[in-house]
Structures are given as structure tokens and as C-alpha cells.
1. If Ala108 satisfies all but one of (1) more than 24 Å from Val81 (Cβ to Cβ); (2) loosely packed, with under 15 Cβ neighbours inside 10 Å, what's the number of the condition it fails?
2. Across segment 1-22, what is the number of residues that are closer than 17 Å to Phe95 by Cα and either among the basic types (Lys, Arg) or loosely packed, with under 14 Cβ neighbours inside 10 Å (or both)?
3. Go through Phe189, Phe82, Phe94 for me and flag whichever is over 26 Å from Lys67 (Cβ atoms) and part of a helix (DSSP H, G or I).
4. Kindly establish whether Gly84 is crowded, with 16+ Cβ neighbours inside 10 Å and of a type in the set (Gly, Ala, Ser).
5. Just to be sure before I move on: is Ala156 among the small types (Gly, Ala, Ser) and crowded, with 16+ Cβ neighbours inside 10 Å in the structure I sent?
6. Lys98 is checked against (1) surrounded by fewer than 20 Cβ atoms within 10 Å (Cβ to Cβ); (2) under 15 Å from Lys170 (Cβ atoms); (3) without any contact (Cβ under 8 Å) to a residue 60 or more places away in the chain; (4) of a type in the set (Lys, Arg) and fails just one. What number does that condition carry?
7. Just name the residue that is surrounded by the fewest Cβ atoms within 10 Å (Cβ to Cβ) out of those in segment 166-198 that are of a type in the set (A, V, I, L, M) and touching a residue at least 40 places away in the same chain (Cβ under 8 Å).
8. When both residues are 6+ apart or on different chains and their Cβ atoms are under 9 Å apart, which pairs have a first residue that lies in segment 109-128 and is more than 20 Å from Glu195 (Cα to Cα), and a second that is outside any helix (DSSP H, G or I) and at pLDDT 80 or above?
Amino acid sequence: MSENRTGKMKAVLEYGPLLIFFVSFMLLRDRTVTLLGQEYSGFIVATLIFVPVLALSTLGLWRLTGKLSPMQVATLVLVVVFGGLSVWLNDPRFFKMKPTIIYLLFAAVLGYAWLAGKNWLEAVLSEALPMRPEGWRKLTLRMALMFLALAIANEAVWRLMSETNWVYFKTFGLPLLLFVFLLGNAGLFKEYGIEKRD
């Protein structure tokens, strides 16, 4: 498989499940669905669809690339646990709390790495983004703070806004915030970047 085709397939596998969740929710949000004698909201049914789709796409990513990042594994585990709890208990709060827990976990890991002087980000990302150690140290602190901010934002949105607003935020807002964060750190990548040698 060509590198270009592999990249496209990887993007489909990474973002496809989230888009399927969004479309499922938008189609079902005003409906109640009865499954095995139990009534479920459109949100719960969209969650029920999302969990196995994410599991299959993660398996597909592993087959395609031969590896999974710790972030992908942690996300899958938390989606299965909290998505499963939401469906089992018929309570959407568990699934809405899942991004908060993921982001707090990443903030804690990166915060510890920064305090301990560890460059764990470098171990994960150095192949795609070669930088000097001081660049990784700065990026580690910034990412820890960013994940903490995202956790707070997720809590505020799901607790204070409508379910539809939270789905929009989860599907489009969070990826946009991550993209803006990366753009905001372009200067750091330029200042501390190391040119790759073939």
C-alpha cells in the first residue's frame, strides 16, 4: 500500500468513528429507541453504535500501522468502560465525562513528566517531530496545561449546555482547539526543531 493511501486510510480510521457518532446522534437525537424492552435516548443509541465502531477502527489502525500509541489505547479502554456504563445504566453522563477523565489523565502524566524532568513526549513523537530536549520540556508543560484546560472546558460544556451543544463541541470544538494549540506552537517547533537526516 502506498504511503499516501496509508495516510488517507489512517485518517479515515482515526476520525471516522467520531463522525459516525455525530451523524448517528443527529439522526436519533429527538427519538426514543426501544431495545430488548428498554427505552433509550438517541444519545445512548449513538454511544452504543460508537463503542464497537471505535474498537474496530482501533484494530484497523493496529493492523495498518503495526502499533498503537498509549493515547489510542487509553482512549479505547475509557470509551469501552464509560460508553458501556452509559448504555448499561441508560445514563449519558458517563460518556460525557469520558473526555474529562482522558484529558485529566494526560495532564497528570505530562505534568509528572515535566516535574520529573522526563521527556516522554520525545519518546512518542520524536520520529515525526525531531526537537532538542529543551523544546520537548517546554512542549510537555504546554500540553499538560492544554489538557487540563480541555478537561475543564468539557466539564463546563456538558454540565451547562444542551446535549446537542456538547456533541458539536466533542465532534468539532475539541479537534479545532487541538489544531489551534499546534498552530500556536509553530514557533516552538521552529526554534527547537532538528532537521531530519536521510
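The values are calculated or read from the model by the stated rules, or taken from the named source; none is laboratory data. This one's a predicted model, so the numbers in the text were calculated from it and none came from an experiment. Virtual Cβ from ideal backbone geometry, glycine too; neighbours counted across all protein chains shown.
1. Of the numbered conditions (1) more than 24 Å from Val81 (Cβ to Cβ); (2) loosely packed, with under 15 Cβ neighbours inside 10 Å, the odd one out for Ala108 is (1).
2. Qualifying residue count for the region: 1.
3. Just a single option satisfies the conditions, and that option is Phe94.
4. The answer is no for Gly84.
5. no
6. Failed condition: (1).
7. Ile194
8. So the pair list comes out as Tyr112/Lys118; Ala113/Asn119.
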